[in-house]
1. Given a Förster distance of 25 angstrom, what is the FRET efficiency for Arg14 paired with Phe124, based on the Cβ-Cβ distance and rounded to 0.05?
2. At 10 °C and a viscosity of 1.306 mPa s, what translational diffusion coefficient does Stokes-Einstein give for segment 1-72, taking Rh as the Kirkwood radius over Cα pairs? Give it in µm²/s as a whole number.
3. Set the Förster radius R0 to 22 Å, insert the Cβ-Cβ distance between Arg138 and Leu86 as r into 1/(1 + (r/R0)^6), and round the FRET efficiency to 0.05.
4. Each label point is 7 Å from the Cα along the Cα-to-Cβ direction; what then is the distance between the points at Gln99 and Trp7, in nm?
5. Please report the antiparallel percentage of the DSSP beta bridges confined to the chain, to the nearest 5.
6. Provide the gained length on full extension for the span Val187 to Glu171, in nm with one decimal, where the gain is 0.36 nm per separating residue minus the Cα-Cα distance.
7. Sorted from fewest to most neighbouring beta carbons within 10 Å, what does the list Val155, Val145 look like?
8. So for segment 6-184, averaging the separation of alpha carbon pairs under 8 Å that are six or more residues apart and normalising by length, what relative contact order in percent results?
Amino acid sequence: MAEMNRWSRWFVNRSNARRSAKVLRILGPHLELPAAPRILELGAGRGGLSALLVDRFRPSKLVVSDFDPEQIEAARSYLGRRFGPLPPSIELRRVDAMQIPFEAGTFDCVFAIAMLHHVEAHHFDYRERPKALAEIQRVLAPGGVLAFSEFSRTVEMRRTLIELGFLPRFERPGWRGRELAVFGTRVVGAPDRRS
Ligand SMILES: C[S@@+](CC[C@H](N)C(=O)[O-])C[C@H]1O[C@@H](n2cnc3c(N)ncnc32)[C@H](O)[C@@H]1O
């Protein structure tokens with residue numbers, strides 16, 4: 001795992017708002033979140049999706065997080081321009097997806113958009129990712145959802161998610177080889193919602 005260099009950061013961040021709108025248009029209808037949900041965004045980058053999540057879901061808690069402190073500052077500046085002084089419901093925080101510093105069951109939804117391959121020492125490995133997925137599962141409340149977009153090792157990732165007890169709610173091969181998906185955690189005693 002490594003922080004992106006400034007050119008990669010620039011490249012990713014310049015299309016962040018446009019891509020985020022598209023991602024939310026596709027994933028949004030499959031999220032089924034409670035009112036005022038608690039949301040964690042991992043690897044949020046510049047914060048384009050975070051702003052859209054505020055507009056759409058009015059979260060009671062939104063943690064906008066990234067491993068890279070420069071990305072946190074980019075998100076702080078973008079969200080500041082969008083909303084002015086940030087309300088206490090929005091927290092910007094440095095978080096490593098491999099070790100998420102929250103109690104079990106804290107969130108109704110975790111977003112991981114184009115970031116899960118970044119936990120690997122090499123992007124196309126599949127060594128560290130199961131640990132990050134287990135961390136996501138741990139911090140989700142029963143019935144919570146993971147929404148992600150990913151292009152590498154999606155078959156292995158699906159297998160790990162099923163092994164961790166997730167159920168697929170929506171899966172769609174996206175544009176440019178990305179897979180867009182929503183996986184839900186099980187609610188004990190609830191019917192299996194496998195689609
Ligand atoms: C390709 S960018 C995607 C950013 C944003 N989600 C988007 O769609 O524009 C990947 C992001 O993941 C972050 N990242 C890398 N490793 C991470 C880790 N271990 N935990 C959390 N975030 C990480 C990077 O700093 C970067 O901001």
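1. Working: r = 24 Å, r/R0 = 0.97.
After rounding to 0.05, the efficiency reads 0.55.
2. Answer from the Stokes-Einstein relation: 122 µm²/s.
3. 0.25
4. 3.2
5. If we restrict to bridges inside the chain, about 40 percent are antiparallel.
6. That works out to 3.8 nm of additional length.
7. Listed from fewest to most nearby Cβ atoms, that is Val155, Val145.
8. 20
FYI, it's all coordinate maths here, none of it is from the lab. Source: prediction; values computed, not measured. Please note: Cβ atoms are built from the backbone with ideal geometry, for glycine as well, and neighbour counts cover all protein chains shown.
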